[in-house]
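Let me begin by presenting the structure, written as structure tokens, before commenting on it.
The values are calculated or read from the model by the stated rules, or taken from the named source; none is laboratory data. It should be emphasised that the depicted structure is a prediction, and the values quoted were computed from it without experimental measurement. Quick reminder, even Gly has a Cβ in these numbers, built from the backbone with ideal geometry, and neighbours come from all protein chains shown.
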Amino acid sequence: MKHIVVIGVGYVGLTTAAFLAELGHHVTGVDMDEGKIVLLRQGRIPFIEPELPELVERNVRAGRLNFTTSCQKAMPHADMAFICVGTPPTPSGHADMSQVEEAARQVALAATQPLIVVLKSTTPPGGNAERVAAILASHLSPGMDAPLVVNPEFLREGSAVYDTFHPDRAVIGAWDSAAAEEVAALYAPLRCPVLLTDPASAQLTKYASNAFLATKISFINEISRIAERVGANIHAIAQGMGFDERIGAEFLESGLGYGGSCFPKDVLALSAIAEQQGYYSQFLHAVTDINAGQCSLAVEKLGDALGGFHGKAVCVLGLAFKPQTDDVRESPALSVISMLCRQGAVVQAYDPAAMSTAQKVLPPHAALEYCADAYAAALGCHAVLIATNWPEFRSLDWSHIHSSMAGKAVMDGRGLLSPDEMRGMGFEYLAFAN
Ligand SMILES: NC(=O)c1ccc[n+]([C@@H]2O[C@H](COP(=O)([O-])OP(=O)(O)OC[C@H]3O[C@@H](n4cnc5c(N)ncnc54)[C@H](O)[C@@H]3O)[C@@H](O)[C@H]2O)c1
Ligand SMILES: O=c1ccn([C@@H]2O[C@H](COP(=O)(O)OP(=O)(O)O[C@H]3O[C@H](CO)[C@@H](O)[C@H](O)[C@H]3O)[C@@H](O)[C@H]2O)c(=O)[nH]1
């Protein structure tokens, strides 16, 4: 059993903290956001993530997991400190390392015994791990040691707990092999492949993995543009490609493209890493550009069907960047709403989980109304645009919706519904190459 401090209890930090506690370690989660710590101490989770409330509650009750805003109070007796703070993009697309560097400084200043510092945040190679190690060394008490281990996280929001307990691999990059082995030992109960490597390779593995998955999505979206022109069906194509195990069936869903706090920023950051080294990656820029075009394409198709948006009401179903989360960071749904409002539409929006998170980031607009449910959102609208593939949108009473609308267009931005069934009900069903 180890004493572990987790700095930053957002999606990654809170899941990591609860996971380590479940394995039997004594874990303290630290966050500078007092609101988050107050909620956690009341037994509430600051965001929506399946299975996480139960996991946190069980471990808090067992006395293995607690929370504080004070790094100084948490650090005595810590054998390990996990840094799980944000690395958001700067305006130039680089990863902003300031939260990581500040967390490293606080950990080093508060450490009272030698410990291992584990960097879980996604950080670019090319000097950042070296800089974090130098910050640790310069702020520790004399004679104390805190080797740095880079251990990027691969969980997905919406299935963070499942992914954490069933990882495809653990990637561990370190200069100190004893420290790397100690971190690897944490993952031993999971029986997953463990890759021991150097810090830069571990850092780049994370960016390369996200860029590859984003590439699959942009690739299928590019194929859908070609498929549409030759009258081919993108779902059949994706299925046919996916049977080939070398390609794999996942991440071939065409639609509005990828959003979220990771793919957009990490593809940009990887481009920036390359450019910093004097290499312009045409490939990565194409992945971003194709993705950026998908929302405009959906709005354009709908605009053509409606003869423009002036005087038209559009129901947008979905605000979150994916189902099973209330996270709206870089959500394609929000881009689509902004485009619709700019082009003169009235928007009636609904999401099962992300209404309040969306309201916090979308500027209030006279033409944007948040509705109590999907039926209220569709009432009187000329069109419906599906922006998030929440499964419950599939089982809505679509014939009831049909009769309550002023128009009949449905733009299925996530390929969620059956085109034949929708057309059979009298909808003008629009999608990407369908
Ligand atoms: N969200 C994901 O699905 C995911 C998955 C894999 C990797 N990542 C990476 O993990 C990192 C964290 O992402 P996230 O989505 O969990 O972020 P998040 O924004 O949800 O959480 C970060 C937390 O760190 C806290 N924080 C910042 N500086 C602090 C400090 N000095 N002391 C204490 N707390 C501090 C913030 O208040 C916030 O609560 C990022 O680098 C991200 O790219 C995220
Ligand atoms: O075939 C697909 C699959 C996904 N998406 C979209 O891609 C985005 C990202 O989805 P997903 O990868 O499931 O969610 P994230 O939580 O962003 O997880 C990604 O980003 C994390 C943060 O780095 C990584 O840890 C994960 O491994 C990686 O999957 C969402 O907008 C999805 O709608 C598609 O458009 N088509």
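Figures for the structure shown
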quantity	calculated
Residue, nearest to residue 22 (Cα to Cα), within segment 128-144, restricted to residues that are at pLDDT 95 or above and out of contact with any helix residue (DSSP H, G or I) (no Cβ under 6 Å at 6 or more places or on another chain)	133
Residue in segment 186-194 that is among the charged types (D, E, K, R) and within 16 Å of ligand 2 (Cβ to nearest atom) present	no
Condition met for residue 289 (within 24 Å of the chain's Cα centre (by Cα), without any contact (Cβ under 8 Å) to a residue 12 or more places away in the chain, in the same structural domain as residue 410 (by TED's automatic domain parsing) and surrounded by fewer than 14 Cβ atoms within 10 Å (Cβ to Cβ))	yes
Of residues in segment 352-370 being over 22 Å from the mean Cα position of the chain (by Cα) and within 16 Å of residue 317 (Cβ to Cβ), the one surrounded by the most Cβ atoms within 10 Å (Cβ to Cβ)	368
Every pair of residues 6+ apart whose Cβ atoms lie under 6 Å, when the first sits in segment 361-378 and is under 17 Å from residue 406 (Cα atoms) while the second is in a loop (DSSP other than H, G, I, E, B)	374/396; 377/371; 378/405
Pair list, Cβ under 7 Å, 6 or more apart: segment 245-268 residue farther than 14 Å from residue 211 by Cβ and in contact (Cβ under 8 Å) with a residue 24 or more places away in the chain, other residue of a type in the set (Ser, Thr, Tyr) and more than 9 Å from ligand 2 (Cβ to nearest atom)	254/224
Options 232, 249, 269, 238; residue that is farther than 23 Å from residue 344 by Cα, within 16 Å of ligand 1 (Cβ to nearest atom) and at pLDDT 95 or above	269
All strands (runs of 3 or more DSSP E) inside segment 360-434 with 1 or more residues being within 16 Å of ligand 2 (Cβ to nearest atom) and modelled with pLDDT of 95 or more	383-386, 409-412
Test: residue 169 is among the basic types (Lys, Arg), modelled with pLDDT of 95 or more and more than 30 Å from residue 296 (Cβ to Cβ)	yes
Enumerated helices (runs of 4 or more DSSP H) restricted to segment 1-107, each holding at least 3 residues that are within 9 Å of ligand 1 (Cβ to nearest atom)	11-22
Pick from segment 26-52, criterion within 16 Å of ligand 2 (Cβ to nearest atom) and of a type outside the set (A, V, I, L, M), ranking: nearest to residue 104 (Cα to Cα)	47
Residues within segment 104-130 that are of a type in the set (A, V, I, L, M, F, W, C) and surrounded by fewer than 19 Cβ atoms within 10 Å (Cβ to Cβ), tallied	1
Residue within segment 209-216 that is touching a helix residue (DSSP H, G or I) at 6+ places or on another chain (Cβ under 7 Å), more than 11 Å from ligand 2 (Cβ to nearest atom), over 30 Å from residue 180 (Cα atoms) and modelled with pLDDT of 95 or more present	yes
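Every residue, every condition in (1) within 16 Å of ligand 2 (Cβ to nearest atom); (2) surrounded by fewer than 22 Cβ atoms within 10 Å (Cβ to Cβ); (3) more than 19 Å from residue 33 (Cβ to Cβ), yes or no:
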| site | (1), (2), (3) |
| --- | --- |
| 54 | no, yes, yes |
| 59 | no, no, yes |
| 94 | no, yes, yes |
| 102 | no, yes, no |
| 159 | yes, yes, yes |
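Here is a yes/no grid of residues against (1) over 23 Å from residue 156 (Cα atoms); (2) out of contact with any Pro (no Cβ under 9 Å at 6 or more places or on another chain); (3) not acidic (Asp, Glu):
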position: 33; (1), (2), (3): no, no, no
position: 54; (1), (2), (3): no, yes, no
position: 69; (1), (2), (3): yes, yes, yes
position: 72; (1), (2), (3): yes, yes, yes
